[in-house]
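One structure below.
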Amino acid sequence: MLKLKTPGWVEKPIQPVNTLQIFITNRCNMRCKGCFYAHKLDNISDMSLEQYKTIVKSYAAYVKKIILLGGEPLLHKQIGDMIIENHKYNISTTIYTNGRNIEILKDLPNIPVEIRIGVFGNTLTEKPLSKIPSITHPVKIVFMLRKDNISELNNVALSAESRFNCQTLYLSSIRDISVTKDYWKDTEETINNEDYALLIQNFMKTEARKPIPSRRLGCAYGARLVL
Ligand code: SF4
């Protein structure tokens with residue numbers, strides 16, 4: 001996890017929180033190459049609100065956070081009721097979204113919700129950050145790195161900050177659950193561990209804190225805001 005801390009991004013440890021992940025729909029408005037959930041996607045299946053409530057009730061004593069996933073969770077018509085249900089048990093909500101339906105956030109209940117937008121790149125891939133409308137709601141960006149999108153890393157980080165005022169950027173490696181069904185597995189697109197570690201170390205040592213003169217000039221935050 002990277003945090004924006006002028007002048008640039010710094011690495012932060014992730015704090016463990018008892019978390020439940022619930023896949024509330026098998027529907028999605030995209031069909032990405034390498035989708036970890038491709039084996040489940042269809043055009044019809046939503047979890048019912050009743051089933052959702054039953055699950056939350058049975059785990060409420062053990063979890064502090066629920067992550068809503070799919071498919072595309074913002075397509076679920078009752079996602080607002082699900083957020084309210086979590087809140088009732090004092091459980092926070094995080095939504096993992098592809099961002100294509102992001103304007104729906106304005107219709108959600110007035111309860112704080114963490115939004116994480118997953119992307120495969122900035123402009124060059126089928127799931128680019130550049131296609132997601134800018135919004136005022138605070139978001140975190142999750143960049144799924146794979147062999148063919150490494151060159152996008154710098155631009156994703158820059159765009160996350162400049163277009164979304166994003167304060168948290170997650171870097172993750174693409175993996176798959178469709179074959180094994182119960183554990184994550186490397187795919188042909190997955191960067192091997194050694195290369196992945198080198199890539200991140202190199203990014204942190206060089207680009208992450210490099211000044212960008214044009215942004216220094218027009219920066220609304222004053223001082224230096226750098227990638
Ligand atoms: S947006 Fe997510 S769930 Fe939908 S096809 Fe792409 S990777 Fe799969």
Every listed condition ((1) closer than 23 Å to Met1 by Cα; (2) in contact with a Pro (Cβ under 7 Å, 6 or more places away or on another chain)) holds for Ile79 save (1)
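Taking the condition small (Gly, Ala, Ser), touching a residue at least 24 places away in the same chain (Cβ under 8 Å) and closer than 28 Å to Lys40 by Cα, does Ser172 pass? Spell out the reasoning first.
Numbers: small (Gly, Ala, Ser): yes; touching a residue at least 24 places away in the same chain (Cβ under 8 Å): yes; closer than 28 Å to Lys40 by Cα: yes.
It is true that Ser172 is small (Gly, Ala, Ser), touching a residue at least 24 places away in the same chain (Cβ under 8 Å) and closer than 28 Å to Lys40 by Cα.
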Consider the range 190-227. How many of its residues are in contact with an Asp or Glu (Cβ under 7 Å, 6 or more places away or on another chain) and at pLDDT 70 or above? 1
Could you tell me how many of the residues in the range 5-32 are over 30 Å from Lys53 (Cβ atoms) and more than 16 Å from the chain's Cα centre (by Cα)? 10
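The values are calculated or read from the model by the stated rules, or taken from the named source; none is laboratory data. Remember, predicted model here, so these are calculated numbers, not experimental data. Ideal geometry is used to build each Cβ from the backbone, glycine not excepted, and the neighbour counts take in all protein chains shown.
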